[in-house]
């Protein structure tokens, strides 16, 4: 099987982490202090996570933003870029996020500063028209990432090899389309997604799908669940069904969505195994989680 970039980095991260741990045990490590682990994984950003740190409304990074006019770009409808203000930690992984059918950037804007404050560059976008279908939204997510990494004012802050996509409703269906088209993406997170295509055997990107138990627009039985089931079984994948939630739950600040999105993005975009603890072993049913399915990350 062809080895993909994220697979290679996951293996490297595990091996280097093991090497460092063994060195520390036998007293051979010459690196001390909190920065030692970060040296093992050059993509790691931020302090060691805790339950409270990934549930908090804001992470450790101060955030700035820049507006992108639709008149200055092609292939998508402009948007807002949120990014860590400090340059002390070098470059960051990046995520583009699409709204859903008839919706605008404002409907997913809360995710921008929330994810950016955890150490990502985040581009919440408008689509060319509010009626664009999932395949179009997938292309627009990729166009937004290309703009972000090649022409944007913050392109120097972005590691173009560590990119992901998210989206709500038809934008969630679009995130699957983007992952299918560009297998080099490191993470995809569809939020209560809608798409007429139910099978995704082509996807090679680690994918976390959020469904909602009360979704009457994209019922999980005909959208989120078959999307998850028809991803390759060998893929790093997960399905989280929100409890007492609707199709529009991802349109406002939500701790469960943020917590598991941050963990997924950190694990697969930053190759940061410190975040595996939050979804491996698999989360159990709770007041906010109706169901969680998935596998612990593959290491080979």
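The values are calculated or read from the model by the stated rules, or taken from the named source; none is laboratory data. Predicted model, so just to flag it, every value in this text is computed and none were measured. Cβ placement follows ideal geometry from the backbone for every residue including glycine, while neighbour counts extend to all protein chains displayed.
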inquiry  = Looking at region 185-194, can you tell me whether even one residue there is at positive phi and in contact with a strand residue (DSSP E or B) (Cβ under 7 Å, 6 or more places away or on another chain)?
reply    = yes
query = So how many residues does region 146-196 have that are buried (at least 24 other Cβ atoms within 10 Å of the Cβ) and part of a helix (DSSP H, G or I)?
reply = 11
task = Give the residue that is modelled with the lowest pLDDT, with candidates limited to residues of region 38-73 that are under 20 Å from residue 162 (Cβ atoms) and in a helix (DSSP H, G or I).
result = 38
query = Which of the residues belonging to region 62-86 are touching a helix residue (DSSP H, G or I) at 6+ places or on another chain (Cβ under 7 Å) and under 18 Å from residue 270 (Cα atoms)?
reply = 82, 83, 84
query = Considering region 198-226 alone, what residues qualify as being touching a residue at least 40 places away in the same chain (Cβ under 8 Å) and more than 15 Å from residue 242 (Cβ to Cβ)?
reply = 204, 205, 206
message = I'd like to check something: does region 231-245 contain any residue that is within 15 Å of residue 54 (Cβ to Cβ) and surrounded by 14 or more Cβ atoms within 10 Å (Cβ to Cβ)?
response = yes
ask   = Restricting attention to region 199-213, does a residue exist that is surrounded by fewer than 20 Cβ atoms within 10 Å (Cβ to Cβ), touching a helix residue (DSSP H, G or I) at 6+ places or on another chain (Cβ under 8 Å) and modelled with pLDDT of 95 or more?
value = yes
task = Spot the failing condition for residue 251; the list is (1) under 17 Å from the mean Cα position of the chain (by Cα); (2) more than 18 Å from residue 133 (Cβ to Cβ); (3) crowded, with 24+ Cβ neighbours inside 10 Å, and only one is missed.
result = (3)
query = If we keep just the residues of region 74-105 that are assigned to a loop (DSSP other than H, G, I, E, B) and surrounded by 21 or more Cβ atoms within 10 Å (Cβ to Cβ), which is nearest to the chain's Cα centre (by Cα)?
reply = 99
inquiry  = Can you tell me how many residues within region 242-256 are part of a loop (DSSP other than H, G, I, E, B) and under 14 Å from residue 287 (Cβ atoms)?
reply    = 4
ask   = Is there any pair with a first residue in region 52-69 that is within 17 Å of residue 253 (Cβ to Cβ) and a second that is at pLDDT 95 or above and loosely packed, with under 14 Cβ neighbours inside 10 Å whose Cβ atoms are under 7 Å apart and which are 6 or more apart or on different chains, and what are they?
value = 55/255; 63/85
note = A careful count of residues in region 270-300 that are under 20 Å from residue 253 (Cα atoms) and either surrounded by fewer than 16 Cβ atoms within 10 Å (Cβ to Cβ) or in contact with a helix residue (DSSP H, G or I) (Cβ under 8 Å, 6 or more places away or on another chain) (or both) gives 5
request  = Filter region 106-119 down to the residues that are part of a helix (DSSP H, G or I) and in contact with a strand residue (DSSP E or B) (Cβ under 8 Å, 6 or more places away or on another chain), then identify the one that is surrounded by the most Cβ atoms within 10 Å (Cβ to Cβ).
outcome  = 116
task = Sort out which residues of region 278-295 are assigned to a helix (DSSP H, G or I) and without any contact (Cβ under 8 Å) to a residue 60 or more places away in the chain, and write them in order of number.
result = none
